[in-house]
Amino acid sequence: MAQIVSIHSFRGGTGKSNTTANLAVSLARRGYRVAVVDTDIQSPGVHVLFRLGEGQIERTLNDYLWGDCEIEEAAYDMTQSVIGSVGANDERPRIFLVPASIDSNEIGRVLKEGYDVGVLNDGFKRLIRELNLDYLLIDTHPGVNEETLLSIVVSDKLVLVMRPDSQDFQGTAVTLELARRLEVADTLLVINKIPPGMDRDTLQQKVETAYSAKVVALLPLNHEIVHLASNGIFANRYPDHPFTLELQNVVNALIQ
């Protein structure tokens, strides 16, 4: 049975998309079939992390939402370029990406007209079935809107990414309350961009006590991810970095 995992943050700038991409690659490296759907339609960007150029993109999530293609036609097999050589007949591992359009007209259309969130839900189910997925990772739009709520409702697990920041603390509390009202089965907290010198144990205890939720990873602020500048998958470039190693705790939690 495939798992749907939404990766969400209340505010932008938390590193949500980077976390999503690195989780997807880490899961695929464990031998699973994984797809990432970029539902941050107003400000898409996951394709940049996978180094999927504009010239390579023929179909996007937007085309599916407007009824111009099936969702699997907008799924790009990134396996060879992201995790290396895999036999043509091998079912696993596999990693797919469904990007959102970066065309300004398409973004404007979404902002003006919106879209049918029911169609998006149907697309998730179809993608799992047609690609025989083990995990479907949804990179959500920050904050709370109809599309985000749909993603949370249909998810088996919700990964909330936050920074050790007062605004993030308040916003995450709102999202957690919504998730509980929507009866999300499992919510995991990831604290990202922890500055050097901050007491990690105290931070974890503070967050878990405040939210009554499990912190599964404490990711350090690091200069390498800044210098990488979204030009590739961090876990591939720095497999032994503390950030990458700590991220495996999230992978373990998803697998369990």
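Descriptive notes on the structure:
- Computed E for Glu91/Leu221 - FRET, C-beta separation, R0 30 angstrom, nearest 0.05: 0.20
- Nonlocal amide H pairs with Val36, under 5 Å, H built at 1.01 Å: Phe96, Leu97, Val98, Leu137
- Distant-in-sequence amide H partners of Ala217 (H built 1.01 Å from N, under 5 Å): Ile191
- Restricting attention to the range 3-255, lysine pairs at least eight places apart or on different chains and with alpha-carbon atoms under 29 angstrom apart total 15.
- Given their separation in residues at 0.36 nm each and the Cα-Cα distance between them, Leu182 and Ser166 gain 3.3 nm when the chain is fully extended.
- Counting only protein heavy atoms and a 1.4 Å probe, the range 48-205 has 48 square angstrom of accessible area per residue.
- Rolling a 1.4 angstrom probe over the range 3-255 with all protein chains present gives an accessible area of which 46% lies on carbon and sulfur atoms.
- FRET efficiency, Leu203 to Gln80 (Cβ-Cβ, R0 35 Å, nearest 0.05): 0.35
- Amide proton proximity set for Ile4, modelled H, under 5 Å, gap of 5+: Leu136, Asp156, Lys157
- Cα-projected label distance for Asn252 with Asp116, points at 7 Å along beta-carbon direction, nm: 4.4 nm
- Two-site FRET efficiency, Glu54 against Asn236, from Cβ-Cβ distance with R₀ of 22 Å, rounded to 0.05: 0.50
- Karplus-derived HN-Hα couplings along the range 180-192 (A = 6.51, B = -1.76, C = 1.60, θ = phi - 60°), whole Hz, x at Gly and Pro: 5, 5, 8, 6, 5, 5, 8, 10, 10, 9, 10, 9, 10
- Shown in residue order for the range 121-133 are the 3J(HN,Hα) couplings computed by the Karplus curve 6.51 cos²θ - 1.76 cosθ + 1.60 at θ = phi - 60°: 4, 4, x, 4, 5, 5, 4, 4, 5, 5, 9, 6, 7 Hz (x for Gly and Pro).
- For the range 52-207, relative contact order (Cα pairs under 8 Å, six or more residues apart, normalised by length) works out to 16 percent.
The values are calculated or read from the model by the stated rules, or taken from the named source; none is laboratory data. Because the structure is a prediction, the values reported are computed rather than measured. With ideal geometry, Cβ positions are generated from the backbone for all residues, glycine too; neighbour counts draw on all protein chains shown. Areas reflect the complete protein model, heavy atoms only, side chains present, ligands, DNA and RNA absent. Shrake-Rupley method; radii C 1.70, N 1.55, O 1.52, S 1.80 Å.
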